[in-house]
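The next block holds one structure in the form of C-alpha cells; read it before the comments.
None of the figures in this text is laboratory data; all of them are computed from the coordinates on show. Nothing here was measured: the structure is a model prediction, and the numbers come from that model. Positions of Cβ are generated from backbone atoms using ideal geometry, with glycine treated the same way; all protein chains shown enter the neighbour counts.
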Amino acid sequence: MKTGTRLAIFGLFVALVTLTLAGFDQFGVFAAESESAVDAAASTGYGPAPKLTPDDYPTIAGVNSRVAVWVFAQLHLWFAAFVLAVPIFVFIIEAIGMRTRDKRYDDMAYEFIKVTITAYSLTAILGGLLIFALILFYPHLITYLSTIFKESMFYYALLFFAESAVLYIYYYGWHWLQGGFKKWVHLTLGLMLNAVGTTLMLLANAWLTFMMSPAGVDAAGVFSGDAWAAIHNFLWNPINIHRFVANIAFGGSIVGAYAAFKFLTATAEKERAHYDWMGYNANFIAICALLPLPFAGYYLAAEIYAYSQQMGITLMGGIFAWLFIIQAVLIGTLFLSANYYLWCGMGRSDGAKRYTKYIKYIAIVLVGAFLVWFTPHTLVLTNEELKSLGGPHHTILGPLGIMPAKNTAVNLMILFTALSFMFYRRANKIATVSWVKAGNAVQVALYSAGIVNIMFLGIYHGYFTNTVYKVAASIPQVLTTLVIMVVSITLDSFIYRGAKEVGPLRWGRIPARAQYALFLLAVSFTWLMGLMGYIRSGIRQHWHVLDIMRDASPDAFTPTLGYAANVVSVAAIIFMAMVIFVFWIAQVGSNKTLPAGYWKE
Amino acid sequence: MRQFLAVVAFTLLTIGFFAGYSNFGIPQIEPAPPPKEEKLDLSSMTMDQFIALGERLFNGKGTCTLCHNALGRAPMLGTIADAVPKRLKDPRYTGEAGDIEEYLIESLVEPSVFVVAGFGKKGTNDTESPMPDVSGGSIGLSEAEVAAVVAYLQDSGGAEVTVEIPQDIDEEGDDEEEGEAREAVNDPKKLMAMFTCDACHMINGVGGDVGPNLSKIGANRDRAYLRRAILDPNAEIATGFEADMMPADMGEQIYVKELEVLVDYLAGLK
C-alpha cells in the first residue's frame, strides 16, 4: 500500500465524517421528545439522543451488521495495538543502543519497525472499513457520536498525516540519520511518532468510553457543548492505562512470534543466534508488560463498578461471569508459555544447572494458581448434585471461586514469574560480593514473607469476612507483590554487581519447541484481546450509549459466550493470516533475483 | 515450507482449542433478551395482582435483587414499616416525603435523599447512593411500575399498602406496541425469560419460590393441566400457594404456538 492510497482513504474518511455531520444538521433526525430535552436542546443547540426503531438500521442481504462491525473493529484494534506498541519499545531499544553503542540493538530496533511498516497500511484500511460499516449499518449512532466528537474526529483524521509523515521519515531515514547529532534527530522522531500515536489512541478511546460512561450530556443525551467533558469521561483514563500496557505486551508477543518463525526457518548458526536474541527480547518486553496488566485490569473493573454498580455486577457476577473462566485458561496459558520459554532459555548458559531444580516447584505453583483462577463461583448443577453438595457452593472449595482467591492466585503467578526471571538472569553469573549469602537469605525471607502475607490476606478475606469486604484484600496483596518485585530486583542488582560470567551466553542454543511457546503467547494474547473486547462492549448490553441511546436493532441481544468465542476465533484467524502476510512482505523487500539474460547489457 | 505449515497448524489448533472450550467447556447461558415495555392492563387488576406485579418487577425488570440480596451489597428491605419513620426524622434525610409511600417512591427515583450508613458510594461519606434512578436509564420503570414496586415493598415490609393502582396513566410504549405483531418465540427458555416465569417459579435451582417449583412438573402433571394452569392459573391452586398470584391474562399475551412450546418444555421436566 503506497502513501498515496493511504492518504486517499483518509481523505475519504474525513469527507464521510464531514458529510455525516452535515446530514445531521440538514435532516434534523433527532426529535426532542420531552420538555426538558426541548429546553436543553434550545439552550445548547444540540438535540437529544435519537430513539430508534428496528427500521432505523439499514441492512445488506447476506451480511450480519453486528458481526461485520465487530470483526472490522476487532481487526482494526489488533493492528492498531500492534503499530502503536512497537514504536514504544523500538524507541527504548534504539536509546539503549545509543547508550551502550551496541549496534545489535539498533539493528533489532530497525527490524522491529520494518515488520510494522506494512501493518500501518492494514490498520488504516481496516479503520476505513470500520467507519464505512458504521455509517452503513448504524448511521444514527455514528451521527450522534460525531455530533459530540466532531472536533476530535476531524483532528484524529488529520493526525494520521502527521503519523504517516513521521513514520516514513523515521523508517526510511534510519540508515541516513546515523551517528552523532543525526542519531539524536532520529531518536526525537521516534519520540514524536509515539506522541502522535498515543494521542490517536487516547482520542479513539474517548469515543468508546463515552459509549460506556457518557459525560457532557444530560439524561436525554443532549450535548452540553463541552467536548472535553465528553472526552474526559469516567472510564477514559482506566481504559487508556489498560490499553497502553496491554498494547505493549501484545506488540512484544507478536514480534516474538516473528522472531520465533525466523529462528525456525534460519539455516545459518549466526542467523539462529540473532533471532534467538530477538525472540528473547520480545518475550522480555511482553512479560514486563504482562506483569502489571492484571493490576491495570483490576483498576479498570473497579472503576466500571464505581461508575455503575449495575454494570459492574453484570461484568463480574452476571452472565459474563463465565467469561472470566475462559479468561483464566488464557491467562494461565500466557503465564505458563512465558515461563516455559524462560526455562528453555536457561539452556543458553552452562551455569543454569544451579537453578533447574527449582523450576518444577515454580511450575507446580503456576498450575495451582491457574486451577484456583479456573474455579468458577457458581456451579451449574442438577438437583441431586445440589442436594449432595448442600448448596451451589462447596464448603471448602467454594471460596476459591471468588475474588480473594483469584487475587491470591494472580499475585502468586506474577511473583513466581518474577522469580523465574530472576533465576534466568542469575543463570550465567557468579556473584563476587562478600555478603552474597546474607543477600540470598534476605531474598528468601522477602519472598517467603510476601507469599505468606498474600496467602493470609486471601484466606482471611475469602473465608472470614462477608461479601462487601472480600475485595479489600486486593490492594494490600498488589502492594505486597510490587514491593517484593522492586526490592528483590534492586537487591539482586547489588548482589550481582561486578559478578563473573560463567561463560559466554550461547544464543541459538534453545530447543525448537521453545519457539512454539512464543507462538502460543502471541495467539493467546490475540484471542484474549478479542474476548475482552467483547466483554468491554457487551456490558453495555442493549445500549449504544449506556442509559442514553438504546440499541433497537435486531442484534441488540447479548450473544452467548460460545457465539462470541466463534466470532473472535474467526477474526483471530483472519488477523493471523494478515500478520503472516506482513511478515512475508517484510522479508520480500530484501530478496533479490538476478535474471540472467533478461536485461540488455 | 514444512515449518510454515507446522506453525499454521499449531495456530489453528490453539485457536480451535480456545473456541472449543468456550463452546463446550462452559455452560452456554442464553442471556435474557432486551427488556420490553410491558403493556399493563391496570383497570381489571386486583391489589394482590398489583403487588404480585410489583414483586415480578422487583425480581426482574427492576433488577433490585442484584444488590438487595443476602450478599449485603445493599440494605435488605423487609423492615420498611419500622425503618422509614426513623429515616424521615434522620438529620441526614434530604427529601420531602411525609409518609412511607412517598418515601419509597422518592427513594426509587432519587436514591441519594437518604443513604443507609455504610451503603453509600465510596468516598462520599454516605451522601451519595450507588443505586440508579429506576425510572430512567437501563431500568426505565414507568410510573405505574414504580407504584407496583412500592405496593410490593409496603406489603413485604410489614407496612399498610396505601398506594393506589393507577388508572389513568398513559403507559409509554403502548402506542409503539399497539397493533404491532411481534415474532413468535420458539425457545422455551426465552419464553420463560420473556414472561418472567422464573421470578416466581424455580427450575433446577434457579428462580423464585412464590409459585410452585417446576423442576419436575412433567412427572406429575399432564399437558392438559399445564395448558390450563398457564391460561387460567386460578382454576386449580397448588397446595401451599395462594390464588391470584399469577397473571390471569397470559392467554392474551402468549401466542398459541408459544403456548405449545412452553407446554412441551414443562411436560419434559421430569
> Counting alpha carbon pairs within less than 8 Å and at least 6 residues apart, what relative contact order, in whole percent, applies to chain A?
Replying inline: 18
> Check residue B:204: other-chain or 5+ apart residues with amide H under 5 Å from its amide H, H built from backbone geometry?
Replying inline: B:215
> Along the principal axes of its C-alpha atoms, what lengths does chain B span, in descending order and rounded to whole Å?
Replying inline: 79, 55, 39
> What is the calculated FRET efficiency for residue A:361 to residue A:435, with r their C-beta to C-beta distance and R₀ = 25 Å, to the nearest 0.05?
Replying inline: 0.45
>> Compute, for chain A, the length of the dipole vector about the Cα centre, with Cβ point charges of +1 (Lys, Arg) and -1 (Asp, Glu) only. Units Debye, rounded to 20.
In response: 2920
> What residues qualify as long-range amide H neighbours of residue A:549, i.e. H under 5 Å apart, gap of 5 or more or another chain, H built at 1.01 Å from N?
Replying inline: A:544
> Given the Cα atoms of region B:28-100, and with Rh set as the inverse mean 1/r over their pairs in the Kirkwood sense, what is Rg to Rh to two decimals?
Replying inline: 1.06
> For region A:406-526, what is the Kirkwood estimate of the hydrodynamic radius, computed as the reciprocal of the mean inverse distance between distinct Cα atoms, to one decimal in Å?
Replying inline: 16.9
> Taking neighbour counts of Cβ atoms within 10 Å as a proxy for exposure, in what order, fewest first, do A:349, A:164 appear?
Replying inline: A:164, A:349
> Considering amide H positions built from the backbone, and no H for Pro or chain starts, which residues 5 or more places from residue A:429, or on another chain, come under 5 Å of its amide H?
Replying inline: A:502
> With +1 on each Lys and Arg Cβ and -1 on each Asp and Glu Cβ, how big is the dipole of region A:78-217 about its Cα centre, in debye rounded to the nearest 20?
Replying inline: 260
> For the pair residue A:563 and residue A:150, how long in nm is the line joining their label points, each one 7 Å along Cα→Cβ?
Replying inline: 3.7
>> Order these by the 10 Å Cβ neighbour count, fewest first: A:86, A:372.
In response: A:372, A:86
> Alpha carbon centre of region A:165-197 versus region A:534-568: separation in Å?
Replying inline: 42
>> Across region B:47-175, what fraction of all alpha-carbon pairs, as a whole percent, falls in each successive 10 Å bin from zero upward?
In response: 13, 45, 35, 7, 0
> Which residue, chosen from A:212, A:483, A:537, occupies the Cα position most advanced towards the positive end of the dipole of chain A, where the dipole is computed from +1 (Lys, Arg) and -1 (Asp, Glu) charges on Cβ about the Cα centre?
Replying inline: A:483
> Gain in length, residue A:591 to residue A:265, computed as 0.36 nm per residue apart minus the alpha-carbon separation, to one decimal in nm?
Replying inline: 115.8 nm
> Kyte-Doolittle mean at least 0.5 and Cα extent at least 24 Å along the axis: which DSSP H helices of chain B qualify?
Replying inline: B:2-20
> Of A:62, A:109, B:185, whose Cα points farthest to the positive end of the dipole of the protein assembly as shown (charges on the beta-carbon: +1 Lys, Arg; -1 Asp, Glu; origin at the Cα centre)?
Replying inline: A:109
> Efficiency by 1/(1 + (r/R0)^6): what FRET value for residue B:43 and residue B:117, r their Cβ-Cβ distance, R0 = 35 Å, to the nearest 0.05?
Replying inline: 0.25
> Straight-line reach from residue A:357: which lysines have Cα under 21 Å away, leaving out those fewer than 8 places along the same chain?
Replying inline: A:429, A:437
> With the dipole of the protein assembly as shown worked out from charges on the C-beta (+1 for Lys and Arg, -1 for Asp and Glu) around the Cα centre, which of A:312, A:95, A:53 lies farthest toward the positive end?
Replying inline: A:95
>> At a 10 angstrom cut-off on C-beta neighbours, averaged per residue, how do the peptides A:235-244, A:429-438, A:273-282, A:503-512 rank from highest to lowest?
In response: A:273-282, A:235-244, A:503-512, A:429-438
> Which value, in Å³ per residue, describes the convex hull spanned by the Cα atoms of region A:112-186?
Replying inline: 95
>> Based only on other Cβ atoms within 10 Å, what is the fewest-to-most ordering of A:141, B:231?
In response: B:231, A:141
>> Calculate log10 I(q)/I(0) of chain A for q = 0.09, 0.13 Å⁻¹, where I(q) comes from the Debye formula with a single equal point scatterer on each Cα and nothing for solvent.
In response: -0.81, -1.47
